[in-house]
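Colleague: Okay, handing you the structure first.
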C-alpha cells in the first residue's frame, strides 16, 4: 500500500489554505503532520479523505488516481480515526466497532455474526476485550479512543488516518495509544497522523511533515525535521532538544520549552 499526494492545493471554496503539498506514505510507515493551530493540518486530512475536493494536484493509492477509485473501495482501503466521537445513542462497544464494517456490506444489509466476530477479534488484538459488555458513552476518554481505533481497524484498511489520536487523553493513555500505533505499523499498516506534541514524533514516527507559520512545508525524517530551529520557525517559541538514555541502552529525545 502506498499513498501519494502530488502538488496538492487544499482549501475551501476555491481558496487555497496550503499549496504544493506533496507526501508519500509506504507500507509500515508512520508519518506525522506537525504545525501550529489553524495552519491547515485538518485541511490536508479532509482532502486526503475526500471530504474536501482538491483545488489542484492529485491523490493516488498504489499509483491509481483517487478519481478512478469508487468511494466504497476507497473506504475499504482507508480507515479514519477522528479526535473524538459522541454517538447520539448509547451504543454498546461492539456496535460501535461493527460500524467500521459498513463499506463491506451491501446497501441496507445489517451486520451479522461475521461482523461481530471481526469486532471481537479487533478488540482482542488491541487488548481492550474487557470493553465488550460496556456502553460506549459510559467508558473513559482513553477507552473511547481505543474503540475508535478498533472501529477503523474493523474495516481492514491498508492506511489509517488519525486526527490527533492523543487529544484530551491523560499521560498514561497517550503513551498507550502511541504504543498501539507503533504496533499497528509493525503489522504493515500505513499510518498518517497529526499531533500537537513534537515528542510524539520522536516516540513512534518514521517521517514528519512540519507546517510553519510562514506556510513552509518541511518534510523528512524525524531527525531531519524536528530540530530546535525548525520548531522555532513553526511555533515561534524557543526549545531545547535533549537526550535521555534508556535502560535498554537506547536514547530518547524530548523537546523542552524555554520560558522567557
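Colleague: Cβ-Cβ under 8 Å, sequence separation 6+ or interchain: first residue in segment 53-72 and on the phi > 0 side of the Ramachandran plot and exposed (fewer than 12 other Cβ atoms within 10 Å of the Cβ), partner at pLDDT 90 or above and part of a strand (DSSP E or B). Which pairs?
Modeller: 63/4
Colleague: Mind telling me which of the residues 48, 64 ends up being out of contact with any helix residue (DSSP H, G or I) (no Cβ under 7 Å at 6 or more places or on another chain) and closer than 30 Å to residue 228 by Cα? Steps first, please.
Modeller: Values: 64 fails: closer than 30 Å to residue 228 by Cα.
Of 48, 64, the one residue that is out of contact with any helix residue (DSSP H, G or I) (no Cβ under 7 Å at 6 or more places or on another chain) and closer than 30 Å to residue 228 by Cα is 48.
Colleague: Cβ-Cβ under 6 Å, sequence separation 6+ or interchain: first residue in segment 116-139 and closer than 21 Å to residue 186 by Cα, partner part of a loop (DSSP other than H, G, I, E, B) and modelled with pLDDT under 95. Which pairs?
Modeller: 118/154; 119/154; 122/154
Colleague: Next up: Taking the conditions exactly as written (within 23 Å of residue 124 (Cβ to Cβ) and either in a loop (DSSP other than H, G, I, E, B) or in contact (Cβ under 8 Å) with a residue 24 or more places away in the chain (or both)), does residue 209 satisfy them or not?
Modeller: It is false that residue 209 is within 23 Å of residue 124 (Cβ to Cβ) and either in a loop (DSSP other than H, G, I, E, B) or in contact (Cβ under 8 Å) with a residue 24 or more places away in the chain (or both).
Colleague: For segment 238-253, what are the residues that are touching a helix residue (DSSP H, G or I) at 6+ places or on another chain (Cβ under 8 Å) and either within 14 Å of residue 214 (Cα to Cα) or not in a loop (DSSP other than H, G, I, E, B) (or both)?
Modeller: If the condition is that a residue be touching a helix residue (DSSP H, G or I) at 6+ places or on another chain (Cβ under 8 Å) and either within 14 Å of residue 214 (Cα to Cα) or not in a loop (DSSP other than H, G, I, E, B) (or both), then 239, 240, 241, 252, 253 are the ones that fit.
Colleague: Could you check segment 73-94 and list, in sequence order, the residues that are touching a residue at least 40 places away in the same chain (Cβ under 8 Å), out of contact with any strand residue (DSSP E or B) (no Cβ under 9 Å at 6 or more places or on another chain) and either surrounded by 19 or more Cβ atoms within 10 Å (Cβ to Cβ) or not in a loop (DSSP other than H, G, I, E, B) (or both)?
Modeller: Listed by number, the residues that qualify are 75, 76.
The values are calculated or read from the model by the stated rules, or taken from the named source; none is laboratory data. Note that this is a predicted model, so its numbers are computed, not measured. Here Cβ is always computed from backbone atoms with ideal geometry, including for glycine, and neighbour counts include all displayed protein chains.
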